[in-house]
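Q: Before we start, here is the structure in question, set down as structure tokens.
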Amino acid sequence: MGWFSAKPIDAFADSIVAELLERFPPSGIELSTEKSAQKAMKNLDRILSLVGTFAAEHRPGLYQKARFGNRIKWALKEAGYAPHAVDLMTHELVTKMALAARARPAG
């Protein structure tokens, strides 16, 4: 990706927001049983894995990481998530992207 290329990062951020809306709706998720909590953790791991894979393959720069975080944050706010949930999810996703982008490829 080019340093200021916006289309790929915007499309990816939109796909992550769609995943979050589907798997973790703003109205909440059922976590009362161990099975439902395990399912939620698997969903979370899947989303973080998608972010890590994208970052490792595309190696986004500072501008793209900031744009990704900003797009995620505003989309989640507009979707109706609680402010603390928006901040937490945005922080975790951007952190995952930053760490995965810095990691050296295996081999």
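Q: Looking at the stretch 32-55 only, could you name the residues that are acidic (Asp, Glu) and either modelled with pLDDT of 95 or more or surrounded by 13 or more Cβ atoms within 10 Å (Cβ to Cβ) (or both)? Reasoning before the result, please.
A: Applying the first criterion (acidic (Asp, Glu)) to the stretch 32-55 yields 34, 45.
The one that is acidic (Asp, Glu) and either modelled with pLDDT of 95 or more or surrounded by 13 or more Cβ atoms within 10 Å (Cβ to Cβ) (or both): Asp45.
Q: So if I check each of Val17, Val94, Val51, which one is in a helix (DSSP H, G or I) and touching a Gly at 6+ places or on another chain (Cβ under 6 Å)?
A: Numbers: Val17 fails: touching a Gly at 6+ places or on another chain (Cβ under 6 Å); Val51 fails: touching a Gly at 6+ places or on another chain (Cβ under 6 Å).
Unique residue meeting the criteria: Val94.
Q: Consider the stretch 1-31. How many of its residues are in contact with a Lys or Arg (Cβ under 7 Å, 6 or more places away or on another chain) and at pLDDT below 90?
A: Qualifying residue count, the stretch 1-31: 1.
The values are calculated or read from the model by the stated rules, or taken from the named source; none is laboratory data. Quantities reported herein were computed from a predicted structural model and do not represent experimental measurements. Note that we place each Cβ from the backbone using ideal geometry, even for glycine, and neighbour counts take in every protein chain shown.
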